[in-house]
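Take a look at the structure set out below.
Here, each number is a calculation from the coordinates, and none is a lab measurement. Note that the coordinates shown come from a computational prediction; the quantities given were computed from them, not determined experimentally. No Cβ is skipped: glycine too gets one built from the backbone with ideal geometry, and neighbour counts run over all protein chains shown.
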Amino acid sequence: MKNISIIGVGLIGGSFALNLRALYKDAFIQGIDQNDAHIAEAIDLGLINKKGNQESIGQSDLVVLATPVNAALKLLPNILDRLSPKALAVDMGSTKSTICQAVDGHPKRAQFLANHPIAGTEFSGPSAAHLSLFKNKTNIICDIEKTDPELSKSVLDIFEAIGMKIRYMDSKAHDKHIAYVSHLSHISSFMLGKTVIEKEKNERNIFDMAGSGFESTVRLAKSSPEMWAPIFEQNKANVIETLEEYIQNLNHFKALMESDDFEAIRSEMENTNYIKTILKGIS
């Protein structure tokens with residue numbers, strides 16, 4: 001795999017570029033990004049060789065789409081139009097159902113792999129990219145039966161070579177489950193940060209009194225709104241369902257507090273401690 005185009009050279013696209021460089025010493029990687037400063041930074045950091053364009057997409061063996069999901073939705077049909085017969089387009093977005101539906105009838109649908117690496121940090125941009133981002137992380141492949149087996153194998157081999165654990169899911173099931181384990185976590189973090197900022201007008205109080213528990217809980221609130229708002233929009237129905245259940249649990253906890261039923265609260269927390277066993281089993 002020699003000619004590669006990466007659209008979106010931030011944390012995900014840049015980290016994938018570093019891994020491709022480690023695997024393919026002679027790879028020529030072109031980057032496309034709406035932010036010219038990102039392109040210049042990606043070149044300086046050695047993530048990409050040069051700035052790419054629409055023409056370079058047609059010359060690529062692999063096109064990696066690592067943009068916000070709303071941009072990916074608009075870009076993918078045109079990318080497929082330009083692909084050479086043996087090339088593959090792979091997206092890295094956190095929602096899968098909408099983008100899969102958008103190209104279901106495309107004549108080159110078999111040249112698209114719907115992919116979601118469960119990897120990331122709260123940081124963004126080319127400088128956030130690092131080689132170990134994907135190591136030991138889960139990579140969810142959706143609707144694999146719609147992708148050409150020979151083309152998909154070449155990229156699945158890359159995912160395995162960089163240390164990812166592969167799982168296969170239906171795109172609709174993916175979006176439902178990811179709303180609980182990822183999207184709700186980000187909303188909780190954003191809203192906790194908002195609550196504290198609104199209540200604690202004195203920023204010094206937040207800085208002085210916030211411990212490691214608060215810092216770890218609001219870590220995701222530092223994530224890019226430009227990336228996350230489109231995710232919530234595309235997965236709206238599933239996110240609302242998770243919010244309704246979460247709010248129900250919060251109201252239940254509040255009711256127990258109001259009724260001084262602290263034994264029930266202790267029991268609720270003890271039961272929820274089982275999450276430690278679950279997380280230990282998948283770490």
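With a cut-off of 18 Å, note down the residues of the stretch 73-98 whose backbone N falls inside the zone around a label point 7 Å from the Cα of D104 toward its beta carbon. 73-74, 76-77, 95-98, by backbone N distance to the label point. FRET efficiency for the I166 to R266 pair, using the beta carbon distance and R₀ = 51 Å, is estimated at 0.80. Working note: Debye formula, equal point scatterers on the alpha-carbon atoms of the chain, no solvent; log10 I(q)/I(0) at q = 0.10 Å⁻¹ is -0.59.
Could you list H106, H38 in order of exposure, starting from the residue whose Cβ has the fewest other Cβ atoms within 10 Å? The partial results should precede the final answer.
Working: H106 14, H38 23.
Neighbour counts put them in this order, fewest first: H106, H38.
Amide H contacts of T138 (H built 1.01 Å from N, in plane; Pro and chain starts excluded): I118, K165 sit under 5 Å, all sequence-distant by 5 or more or on other chains.
Taking other Cβ atoms within 10 Å as a rough exposure proxy, F16, F232 sort from fewest to most as F232, F16. Spin-label model, R219/S185: points 7 Å from Cα along the beta carbon direction are separated by 0.9 nm. When the Cα convex hull of the stretch 174-282 is projected onto planes of every orientation, the mean area is 8.7 nm².
Here's how it looks for F112: its modeled amide H is under 5 Å from those of A89, D148, which are all 5 or more places away or on a different chain.
Going down the table (K135/K222; K74/K276; K108/K236; K176/K201), which pairs top 32 Å between alpha carbons?
Pairs exceeding the cut-off: K74/K276; K176/K201.
Translational diffusion of the stretch 121-230, estimated by Stokes-Einstein from the Kirkwood radius over alpha carbon pairs at 10 °C in a medium of 1.306 mPa s, is 94 µm² per second.
Between K199 and N273, the distance separating the two model label sites (each 7 Å from Cα on the Cα→Cβ line) works out to 2.5 nm.
Is the C-alpha gyration tensor of the stretch 3-170 telling us rounded, prolate or oblate? Criteria: a/c under 1.5 is rounded; beyond that, a/b larger than b/c is prolate, otherwise oblate. The partial results should precede the final answer.
Working: a/c = 1.44, a/b = 1.21, b/c = 1.19.
Rounded, because the longest to shortest axis ratio a/c is under 1.5.
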